[in-house]
Amino acid sequence: MIVLLAAAGAAALLLVPRRPVARLDRDANQNVLLITLDTLRADALSCYGGPAHTPNLDRLARDGVRFDFAHAQAVLTLPSHTSILTGLYPFQHGVRDNSGFRLAAGTPTMATILQSDGWATGAFVSGFPLNARFGLNAGFTVYNDDFGETAGPADFQLASRTADQVVPLAEHWIEQQQGRWFEWLHLFDAHAPYDPPPPFNREYAGRPYYGEVAFIDKELGPLFDRLRTLDRPTLVIVTGDHGEALGEHGEQTHGIFAYEPTLRIPLIVAQIDPGERDPRRGEVSDVGARHVDILPTVLDALKLSGPADLPGRTLLPAAQRQRGAAPRPSYFESMGPMLNRGWAPLEGVILGHEKYIDLPLPELYNLRTDPNEQNNLIDVAADATERRTLEHALSEFHADLPGARRTESPEVVAELQSLGYTSGSAPRKAQYTADDDPKRLIALDQEIHKAVDLYERHHLNQAIALYQQIVAQRPMSVAYQHLAFIYWESGQVGQAMATLHQAIQHGVRDHDIQVQLATYLSETGRPQDALPILEAVTKTRPDAVDALNALGIAQARLGRIKDAMGTFQRVLALDPADDMAMENMGSVYLGENDLVHAEDAFRKALQANPRSSTARSGLGVVELKTGRTAEAVADWRQAIALNPTNYDALYNLAAELVREGDAGVARPVVEQFVRTAPPSLYADDIRAFSAWLARTQGQP
């Protein structure tokens, strides 16, 4: 009887289901595909229980490991991707925001390590925060980042491209490779604004974010199918750079808080082996995983060694993915609000399922019992020991706050603001108080989003009124910059400059405000007033390329051509790929009627940035002056197609078409100029063209 009971007990034990354990092989001969999906919440995919139908990513998860408790190290695109590629925390690699920072040359990355060991390397990225100028192109033989161009510091046109444009390029590159390859594919579609194409816009009506996610999955399907036909296996890693708040905790998008909606991300690791007959068993791991674990995992899978000081650990051994594995402390941060708005910096740590957020009003959550972070345990006496443990764990990272940031050109600032980010250089405070805590200021972020929306819908007076309310509540560089730009765009030049003077009077003295003011002074014929401002900025910030470019323009307008050229050369010494400096040099040469050097400068700018509307427009002027009228007209048309707000190109095209005498061809271009050009800069030209339209009324 005892024997029978024992046997029955054994049979009962056999009925207890075991969790599948996926097989992830070490193979130095395999390819590597890293896919980063921008702004992807962990709970968006259907394999994570989310509302977006994602059968292709679900199948990938069934072939490998789906990490159910993975976290980013930052809540912005550039810092997160830098951590993914370097295996370092933001305070280690130094990229703390989407603007003002560049990965230091010589920093080992996934691309540089694999390229040096014989892998072909290609990257296909879809959003401007990953432009090559920020340093992540190191180690990639091909770095495809063709986004386009925006025009000014508050031009909110998106600089990005969609999955159906990028995935075929990535697939074509794979098909061209003969040996081992590493490809990084970045897709931007889930980033705001959410506008999925048909039929996803109908299927996800009222939930467009999830429609974008479903669209991405559909576009990835053919790429995954192609991998299954190759002659060698491919290690595939899919993750998000950060999530999206979608209104939770009062945050509309991301970049402010580091709650789970923006910090927790999906992570899928799988191997696609064309020769595999038996399907691999899908594994779900709830052990904490981090972005900094991705590089060690790739190197382990390829039997390669990497930098000895990487903080992450490989996820390849099954024991590292099972319960009982030693917890991995995960550092995270959000520095954008401090750098751009003067708000308190946010740092934190996750240890096990406990999460500590270090702010003037600190927070402590048990994510196992409170995954939505509704119950702050920071002052609960029973959790005092846990608080001390987490505070100590955070202090052990020895994370410094960001130091001096490298500043960007106005074009870069425009691109980042077009994506909903800000770019500023708010001075660091000696001490941040509860009044600086983002929790108490999130309503201002909501108001900024509303003001941007009003501007985009051309409700300029309402946008102006809302920005005035924002700066009255809390002086912030970004609000003053936007307000001044809207005044400028609407022809209220005096109000634009008065707004910037007001910012300075209210203690907002960062270099962005000063450079914007100096730029407006130069544009309105007062370069002599702009010069001392820019000289002061560049003396204290010698690497401020935006200020240097503006300084060179002011010097040129004062006739100091040699000084201007020297200033632009300083920019190129800091950034050899700065197309704005090349454009400015071309313009100066053009003003000196040195057409040979002007054309050379504009063509070099186009090599650095093939979608530079400014360089294309300048090249058209050179072509007109050298008798190549047809080429000039073609370049101006292309410049306008690249950037409809390039009013110089629009004016030049209209003037040439009028000169050629075909009123029917010229009229729509002239009408476009009269309708869209800002009176603050083109009042005389608008009047002249308006008179021409009146004279030629009715002509064919």
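The values are calculated or read from the model by the stated rules, or taken from the named source; none is laboratory data. Values in this document were obtained by computation on a predicted structure and should not be read as measured data. All Cβ positions, even for glycine, are placed from backbone atoms using ideal geometry, and neighbour counts span all protein chains on display.
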* **Scan of the stretch 593-621 for residues that are in a loop (DSSP other than H, G, I, E, B) and either modelled with pLDDT under 95 or within 21 Å of Y651 (Cβ to Cβ) (or both), ordered by number** => N593, N609, P610, R611, S612
* When you scan the stretch 230-315 for strands (runs of 3 or more DSSP E) that lie fully inside it, which ones turn up with 1 or more residues that are more than 20 Å from the chain's Cα centre (by Cα) and more than 22 Å from L185 (Cα to Cα)? -> 283-285
* Pairs, please: C-beta under 7 Å, at least 6 apart or cross-chain, first residue on the phi > 0 side of the Ramachandran plot and assigned to a loop (DSSP other than H, G, I, E, B) and in the stretch 386-409, second at pLDDT 95 or above and of a type outside the set (S, T, N, Q)? -> none
* Subset of the stretch 642-667 [over 21 Å from S587 (Cβ atoms) and of a type outside the set (D, E)] -> L657, V658, R659, G661, A663, G664, V665, A666, R667
* Could you look through the stretch 640-657, keep only residues that are out of contact with any helix residue (DSSP H, G or I) (no Cβ under 6 Å at 6 or more places or on another chain) and aliphatic (A, V, I, L, M), and pick out the one that is surrounded by the fewest Cβ atoms within 10 Å (Cβ to Cβ)? => A641
* Top-ranked residue in the stretch 658-680 [being part of a loop (DSSP other than H, G, I, E, B) and small (G, A, S); ranked as surrounded by the most Cβ atoms within 10 Å (Cβ to Cβ)] -> A677
* Asked: Picking from G336, G348, G420, G424, which residue would you name as being under 30 Å from T645 (Cα atoms), of a type outside the set (S, T, N, Q) and at pLDDT 90 or above?
  -> G336
* Structure fact -> Counting only residues in the stretch 312-330 that are in contact (Cβ under 8 Å) with a residue 24 or more places away in the chain and either within 15 Å of I294 (Cβ to Cβ) or in contact with a Cys (Cβ under 7 Å, 6 or more places away or on another chain) (or both), the one surrounded by the most Cβ atoms within 10 Å (Cβ to Cβ) is identified as L315
* Residue that is modelled with the lowest pLDDT, among those in the stretch 159-170 that are crowded, with 20+ Cβ neighbours inside 10 Å and either of a type outside the set (D, E, K, R) or in a helix (DSSP H, G or I) (or both) -> A159
* To do: Check whether at least one residue in the stretch 354-374 is over 26 Å from L78 (Cα atoms), among the aromatic types (F, W, Y) and either surrounded by fewer than 22 Cβ atoms within 10 Å (Cβ to Cβ) or not assigned by TED's automatic domain parsing to the domain that holds I84 (or both), and report yes or no.
  => yes
* Got at least one residue in the stretch 45-53 being under 22 Å from E175 (Cβ atoms) and touching an Asp or Glu at 6+ places or on another chain (Cβ under 6 Å)? -> no
* Structure fact -> Taking the stretch 62-116 and the residues there that are aliphatic (A, V, I, L, M) and in a loop (DSSP other than H, G, I, E, B), the one that is surrounded by the fewest Cβ atoms within 10 Å (Cβ to Cβ) would be A105
* Just name the residue that is farthest from the chain's Cα centre (by Cα) out of those in the stretch 424-470 that are surrounded by 15 or more Cβ atoms within 10 Å (Cβ to Cβ) and part of a loop (DSSP other than H, G, I, E, B). => Y432
* To do: Pull up the stretch 119-135, narrow it to residues that are of a type in the set (A, V, I, L, M), crowded, with 21+ Cβ neighbours inside 10 Å and at pLDDT 95 or above, then point me to the one that is nearest to the chain's Cα centre (by Cα).
  => V125
* Asked: Do we find a residue being in contact (Cβ under 8 Å) with a residue 24 or more places away in the chain and not in a helix (DSSP H, G or I) anywhere in the stretch 560-569?
  -> no
* To do: Determine, yes or no, whether E583 is more than 18 Å from G552 (Cβ to Cβ) and either more than 32 Å from the chain's Cα centre (by Cα) or part of a helix (DSSP H, G or I) (or both).
  => no
* Asked: Within the stretch 191-205, can one find any residue that is in contact with a Ser or Thr (Cβ under 6 Å, 6 or more places away or on another chain), assigned to a loop (DSSP other than H, G, I, E, B), assigned by TED's automatic domain parsing to the domain that holds P55 and closer than 25 Å to I265 by Cβ?
  -> yes
* Asked: When you go through (1) closer than 20 Å to M338 by Cα; (2) in a loop (DSSP other than H, G, I, E, B) one by one for V478, which number turns out not to apply?
  -> (2)
* Using the structure shown, decide if E415 is over 30 Å from Q320 (Cβ atoms), at pLDDT below 95 and touching a Gly at 6+ places or on another chain (Cβ under 7 Å). => no
* Might you check whether a residue that is farther than 21 Å from E523 by Cβ and modelled with pLDDT of 95 or more occurs anywhere in the stretch 673-686? => no
* **Residue among A556, A577, A536 that alone is assigned by TED's automatic domain parsing to the domain that holds I486 and closer than 22 Å to Q481 by Cα** => A536
* To do: Tell me which residues, restricted to the stretch 180-202, are in contact (Cβ under 8 Å) with a residue 40 or more places away in the chain and of a type in the set (D, E, K, R).
  => R180, E183, D189
